Structure formats: structure tokens, C-alpha cells
Amino acid sequence: MTTETSSRSMGGAARRPMIELRGVTKTYPGGQTAVNNLSLDIDRGAITVLVGPSGCGKTTTMRMINRMVEPTSGAVLVDGEDIADRKASDLRRSMGYVMQSSGLMPHRTVLDNIATVPRLNGVPRKDARTRASELLEVVGLAPDLGRRYPAQLSGGQQQRVGVARALAADPPILLMDEPFSAVDPVVRQELQEELLRLQRDMAKTIVFVTHDIDEATILGDKVAVLNIGGVLAQYATPEEILRAPASDFVAGFVGRDRGFRHLSFQEGEGVRIHSIQTIEVDRLGDPDAAVTSPWTLAVDAGGRPQGWVPQNRRSAIRSAGDLVPGGSLYRRGDTLRRALDAALSAPSGLGVAVDDEGRVVGSVRAGEILELIEDARVSRGRANYNTAV
Amino acid sequence: MDYTSDNLFAQMGQWLVAPENWSGERGIPMRILEHLGYTGLTMLIALAVAVPIGLYVGHTGKGRVVIVSGIGILRALPTLGMVFLFVLLAGLGLLPPIWALVLLAVPPVLSGVYAGIASVNRDTVDAARAMGMSEAQILFRVEVPNGLPVILGGVRAAVLQVVATVAVVAYINLGGLGVFLVEGTQLRDYGRLFGGAVVIGVVAIAVDLLMALVQKFAVSPGLRAGRAPVRTQDSGRQKAVASAQGGTT
């Protein structure tokens, strides 16, 4: 198996994986095989995403890690110990669990929901609640939400509480079963960013199940693509899965845009930033403030972009409300995907580049970004296949 | 008793306000106490029988078919007939008629407990198990509190039925408010007959209101139906994250 060879090649000095699946099979009484002889090493302190179509056994695989499902054969090791030897409820208390439908207990307040596992572990109510209100803040919720009941929260807030609850006993492992798939795309993106931000501080071992390959490549340090019947199709970094799918199944599952999505893994450092003509929004009303280039960028007093002024319509644009709205922003150091998107989404064809404070530093051009992309592809081709084309 | 009117309702009113009916061993207050005593005893036995079975079946899902058909059979039994049957089998005394009433109270309690537990969202139960709760903790800390509105609904229905039906024990000289119905019929004293019926009705309503009050305080505010979720502003950090992800020019 690929996983075994790769862990061997790292040598004996490599740290033992946090979770090891050893030839795990799950066959349901009806004879249906959900997971078939799966071996997988899950790295410590990293996010491992299990992704695949419905019926690929990804959720079953994850639920075998906390013994919500018992494998038919094979073993699951956590920290080198076979979990079959541990009491199921103790094992589960050592792993945070977040599910799609928040699973919060409707009869308990938000604070008491978060405090559930510490309370089970015998932490006094007062201490557990204090810790719970700290966690509310960690997941980005206002402290006064703690006294509410789950039914009084929005879907996104419920998922945040679900994450806080999973973190309450500070478990080394988090199991997340499609936690963000029931919220709208905007909230989903917020929650994904929050998870990555939290993970930078916490460095938990996270097993994340999703059917969304985009989510998998955004969140995963490693991604395991599973095929129908619980067969491992590829286990690699997201970058590698997008660049070099191991089979037609993976290529098909990753989808049509994989070439474009792969740009998310390419540093945009080399993108050339051109100077750009700007005009302050306050001076738009002044007819003497002329513009000299076809497209001029209007900025506020702090230098942040507000919109575009086309030269031939200069006289019609008197205030911020008359500006032509712009596209997405390219922050210096972002990926090539963001750079290209900024250039393509701007009405002027000039992607606006900003610094970390959001001030305009110049513009980027689609043509130059494409050249960079092509150069990178050619040098990758040389490195991987010894050919320039 | 001597009435000053031939009108049934006037006689009922006179009977209800006559001071001699409100005192002594055979007065209304004493009969109410007897009535409530039999109701309480019946409910205690019915709860002791039905609650454990309901919890077991609701939690495990085993034996559903048995209890559903069992409840159907119990509901079809005529209580008065059962009272006489048990008395014939076991003789006079307190318990034979009480058993007949227990058979009346068990079905609503059993179906309430079973349906209450079974109605709890399976995701909530799954999450509780995945967090490491034992089966007993899941049952008593998650399923019972969340099923409580339905469970108490079943108990309330049972209490109401029993309060209204306990009157039958008067047929075998055990007292209770049914005495006024039996005596009223035998003596053709319609003031007493209807007056007794009114008292039973008032007692039943009072007990039901009391149960409603219990239900109100026992059920978590988080479960009150029909309350629109309140949307609130997320905290500042969330907004900062959102705006950092890509504004527009």
C-alpha cells in the first residue's frame, strides 16, 4: 500500500501516526460492504480529510475511530493502542465530535451544551461553565449567547457551538463529520477559515469527512479519496491530488476545474505589480481633478480601493456612489488563483493588489499571471516527466 | 334532602350550597379526599408499571409491536366490567378495583413514555453517545428531558381519565365522589346526582390545570414549541474574518 511505503520511507525516526487503520473492513448484516480492507495512517497535529461520493464509507470509517461503529475485521490504533481494548465511552470522551446537524441538546443552554464532556469527566459545574464561556469566544461567538438555547441560534452559530463543545475537554483528536455542509456558502467559507485559524494554535489531529472536494483541498493537510465500497483511491496532499490524480476515478471526482483549483497551491510571489493611477474619492466632485489613464482607481483617505473611474465617463462620476464596482482583491503574497481572479474580475482588466492593511499598492495583469503559470507548468513538467512540453 | 324547587338545576345548586353536605364523614371534602387518594394510588401503580417498560422500549426500540398491540387491547377493556371481574375473582377490598383502574391508566402513560423517548431527534442521541455518554446517561440526561413534553402529556391524559373514572369504586362501597352518583340514582335525588357529577368535573379540571402547571415548569424552556429563533449579530471577530477574505474595489 502507498501509505505504508511512504511511512517507511520517512524512516524509523518519524513520529508514530496518531491514528492507524489496519486493514479495516466493515460489512453490514445485509452483506453490504461499507469499508473494504482500508489501511490509513493519520498524522498527528494535522487535518486529514476523508472525501468521496455517497456510499464510499467515509463516515463509517470515521465512526470506527471512536467506536460508534465496530469494524468487522481489522484494527484501529490510537497512539499505538488498539481501541478495541478501551471502554467505548472513555475513548469517545477523549475525542471531540462535530456533526452535520450540530447535534446540540435542545433542552440545555449553549453553555451547558459546551460543558457536556467536562461535566461527564467530573469537572465541577462552575469550572465547566467558565471554560465553556472562554470557548464561546475562541469560536468567535459573543458571550451573551451562552444563556440561549440552541433553537435560538442560526445554523452557523450552532455549528460554532458544536465546535466549541468538541473542544471543551481539550481532546487531542477531533472528528468532524460534514460539519459545514448544512450552512450557506458564505457562512461555510467563514467557518472553514475559522477552523484553519483555530488549528494554527491548537494543532489537533483532525479527521474531517466531506463530500466536497473543494472543502477537502482547502482544509486538508492530507486528503484520502475513497471510492464506492470503501476502497482507498488516493491518499496524498491536496496539491498532489489536484496535480496528479492517481486514477480516472480520482480525476473525475476532483472534477473539471482541478487545473484552475491547483493554482491555489502556487505562490503568487513572482507576480509583477504595476503602478496604478488613483484618485481620492473626496476629489471626485472637483471637475478640475482630471484622470489621464483609461481606468483610474478611486481610493479612500486610507488608500483603500473604492471603485473604478472610466476616463470617458469622468464627468458623470461625482461621488463614491457613481463609481464602477470592482472585482476581488489580490493581497500581496496570495496564491496565483487569487491573483488571476482579481485580474479577471476587474472591469478594467487590472487586478487591484493591496497590502496587508488593504491599501492599494498597484495592479496585476492576467496575461503576465498566465505566463507565470505556464512557466511553472513547464518547469514542473521537466522535473516530473523530463520533458518541457 | 328537601328542595324548594322542582327544577333540576335549582336542586343541584341547592345541594351544592347546603352546609350539611360540606362537613362530616360523608361530606363533599371527605369524598374529594377519598377520590384523590384512589386516583393517586392508581397512578402510582400505573407509573411504576408503565414508565420502566416505556423507557426500555423507547430507548432500545425492542418490543414496539408487543406494546402497541398490548395498548390496543387494554384500551378496549371496559373499566366497570373489570372492577366487577376483579372483585369476583379477588373479593371485596381496596385493591381489586384499583387494579381495574390501573388497566385504564397504563395505556396513555405507556404510549406517552414510549412515544416521548422515541420522538427525540436521533442526531441528538447520536451526538450524546459520540461524546461518551453511557446508555443510562443518554436515557436520563438526553432522552427523558427532551421527551418530557410528550411523556407528561401521556401522564396528564391518564390522570384525567382516572379522576373521571374512579367514581366506579362507589359501586362496591369504597366511597369517593362516585357515592353521590350511586346514592342520587338510588334515591332519585337528582340534586345530589348532578351535584356530584359537577364536583367530579371541577376536581378533574383542577387536577388537569395542576398538571399543566407541572408540565410548564418541568419542561426546559429550550423545548417550548413555536418560538421563532432569534437571530443575533455575530461577534466582531467573525465580521473581521469575513471582511479580510476579500472585499471589493
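The values are calculated or read from the model by the stated rules, or taken from the named source; none is laboratory data. Given the structure is predicted, the values throughout are model-derived calculations rather than measurements. Cβ atoms come from the backbone with ideal geometry, glycine included; neighbour counts cover every protein chain shown. We work out accessible area using only protein heavy atoms, side chains counted, and drop any ligands, DNA or RNA first. Shrake-Rupley method; radii C 1.70, N 1.55, O 1.52, S 1.80 Å.
Below is a table of values for the structure above.
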{"read-out": "Using a Förster distance of 45 Å, the FRET efficiency for A:ARG15-B:VAL68 (Cβ separation, nearest 0.05)", "value": "0.20"}
{"read-out": "Estimated FRET transfer efficiency when R0 is 35 angstrom, pair A:THR130-A:PHE260 (beta carbons, to 0.05)", "value": "0.15"}
{"read-out": "Ranked order, A:ARG131, A:ARG93, A:ARG332 - accessible area, probe 1.4 Å, largest first", "value": "A:ARG332, A:ARG131, A:ARG93"}
{"read-out": "Solvent exposure, largest accessible area first (probe 1.4 Å, DNA, RNA and ligands not counted), of B:PHE217, A:PHE249, B:PHE84", "value": "B:PHE217, B:PHE84, A:PHE249"}
{"read-out": "Cβ-placed point charges (K, R +1; D, E -1), dipole of the protein assembly as shown about Cα centre in debye, nearest 20", "value": "580"}
{"read-out": "Selection from B:PRO107, B:ALA118, B:VAL179 lying farthest towards where the dipole of the range B:86-188 points positive, charges on Cβ", "value": "B:VAL179"}
{"read-out": "FRET efficiency, A:TYR385 to A:ALA182 (Cβ-Cβ, R0 60 Å, nearest 0.05)", "value": "0.90"}
{"read-out": "Accessible surface, the range B:8-219, averaged per residue in Å² (probe 1.4 Å)", "value": "47"}
{"read-out": "Net charge dipole size for the range A:278-371 [Lys, Arg +1 and Asp, Glu -1 on Cβ; Debye, nearest 20]", "value": "200"}
{"read-out": "Acute angle (nearest 10 degrees) that the helix A:366-385 long axis makes with the longest principal axis of chain A, alpha-carbon atoms", "value": "40"}
{"read-out": "Contact surface B-A: accessible area buried, both sides summed, square angstrom, 1.4 angstrom probe", "value": "3500"}
{"read-out": "Distance between modelled label sites at A:ASN312 and B:VAL214, nm, 7 Å Cα→Cβ extension", "value": "8.3"}
{"read-out": "Rounded accessible area per residue of chain A, 1.4 Å, Å²", "value": "44"}
{"read-out": "21 Å Cα-Cα reach of B:LYS216 towards lysines, excluding residues that sit fewer than 8 places from it in its own chain", "value": "none"}
{"read-out": "Where labels lie 7 Å past Cα in the beta-carbon direction, separation of B:PHE9 and A:SER54 in nm", "value": "6.4"}
{"read-out": "10 Å Cβ neighbours from other chains, averaged over peptide A:82-93", "value": "2"}
{"read-out": "Hull shadow area, averaged, the protein assembly as shown [alpha-carbon convex hull, nm²]", "value": "44.3"}
{"read-out": "Rounded tilt (10° steps) of B:190-218 against the dominant C-alpha axis of chain B", "value": "20"}
{"read-out": "Under DSSP loop assignment and at most 15 Cβ neighbours within 10 Å, longest GluC sites (Glu not before Pro)-free interval of chain A", "value": "A:1-268"}
